[in-house]
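Report on the structure given below.
Every number in this text was worked out from the coordinates using simple rules, so none of it is lab data. On a predicted model such as this, the values are computed, not experimentally measured, just so you know. As a convention, Cβ positions derive from the backbone with ideal geometry for all residues, glycine included, and neighbour counts pool all protein chains shown.
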Amino acid sequence: MNAPRAAGIDWPLQVHGALKAAGVSLVSYVPDAGHKRLIELCQADPSMRSVVLTTEEEGLGLATGAWLGGERSVLLMQSSGVGNVINVLGTIKECRIPLPMIITMRGEYGEFNPWQIPMGQATPGVLEAMGVIVQPALEPQAVAPAVDAALRLAFNGYAAVAVLISQRVIGIKSFQEQAAQ
Amino acid sequence: MTATLHRRDVVSALLAERGGLLVVAGLGSTAWDCTAAGDHDLTFPLWGAMGQAAMMGLGLALAQPQRRVLVITGDGEMLMGLGALATIGVQRPTNLSVVVIDNGRYGETGMQETHTAHGVDLAAVARASGFVDARTLSAAGELAALRTAIHGQPGPNFATVKVRAEKVPIILPPRDGGLLKARFRRALLGEAADLQ
């Protein structure tokens, strides 16, 4: 199942366009199946540099350094990675670093892996507890507008903003489908 | 082998006549060391984000490819973010140097031993991760060459400098994160940074 195509909306392409329009030139990520197409679009774009991370926390350090140097960046990750960034979100808040994060949800809507459910269910609460503005995107057509709004909030407001892309958008997988990817 | 170098002497030597060098100082002792060498608008001293100093250096180096960038941090801080060495090894910014002031101790929490006190070799990790130059120093006579590398040698460069496990006076930089960020950006990017 490919939810974006099935819905007739190529939201990764729209999000890539929103990133370009906002002047984002640095894209860091820990891969997620839901981000596969967006990562590939960013990698293929000569005006963007893609940085693969060993853990999501590194993306916050990278974004801070980039902003000190005058460059706009975005962090792509899965909701499980939110647990890896909590402490450094404190630095982002204290220093008022613009930090747009585009997060694909697991453990949220029809999840097949029980080990994903605790972090997925806790993701919005954990982010809000650390002062991050949370904007859910529940349908494919809602993703790009949510990202566009998040980029404006982050860069105009010097804030950490997370767009949570629902599993309804990504598509619910089974063990077999995940293995075949 | 017992280290003989004093951390404050090392950091002062590396930051002497720093010119346009951009500096990220890891939290704790290395932030105090950099402040003791002279508080500077183009030093970003960390009060938190343990493990992220090298990544901040990477972000800065990628954003400012025409400037030299130096991360000065401690062994405990570097150990918390070893993955950053792998990430830097993939990006390979030629303008970035990471220097670990290694006393083998967690200095802010009671001088407990770190992994480097038990043989973990940070320069070997950096070398295996793709740093162009990764060396371990223990003599004052080696510092001038390291300072030269920081200012001009195509990197990424890495150095561990073995120093004495000693308590030195705490010299504090400003604490306000927003101020530290804003002054750094203004010094680097000009007043236009305030309007970005």
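With a 10 Å cut-off around each Cβ of B:56-69, the average count of Cβ atoms from other chains is 6. Take every pair of alpha-carbon atoms less than 8 Å apart whose residues are at least six positions apart; their mean separation over the length of chain A yields a relative contact order of 25 percent. The ranking of A:VAL161, B:VAL90, A:VAL147 from fewest to most other beta carbons within 10 Å of each one's beta carbon is B:VAL90, A:VAL161, A:VAL147.
Averaging Cα coordinates gives a centre for the range B:59-124 and one for the range A:1-75; these two points are 26 Å apart. Within 10 Å of the Cβ of each residue in A:95-101, the mean number of Cβ atoms contributed by other protein chains is 3. Fewest neighbouring Cβ atoms within 10 Å first, the residues B:SER29, A:SER80 line up as A:SER80, B:SER29. Note on the protein assembly as shown: Kirkwood radius taken over Cα pairs, Stokes-Einstein applied at 25 °C and 0.890 mPa s, translational D equal to 116 µm² s⁻¹. Considering only beta bridges that DSSP places wholly inside the protein assembly as shown, some 5 percent are antiparallel.
When the Gaussian network model of chain B links Cα atoms closer than 10 Å, the mean-square fluctuations of B:HIS40, B:HIS118, B:HIS151 top out at B:HIS118. When only the Cβ of Lys, Arg, Asp and Glu is charged (+1, +1, -1, -1), the dipole of the protein assembly as shown relative to its Cα centre reaches about 480 debye.
Between 0 and 90 degrees, the angle of helix A:86-95 with respect to the longest Cα principal axis of chain A falls at about 30 degrees.
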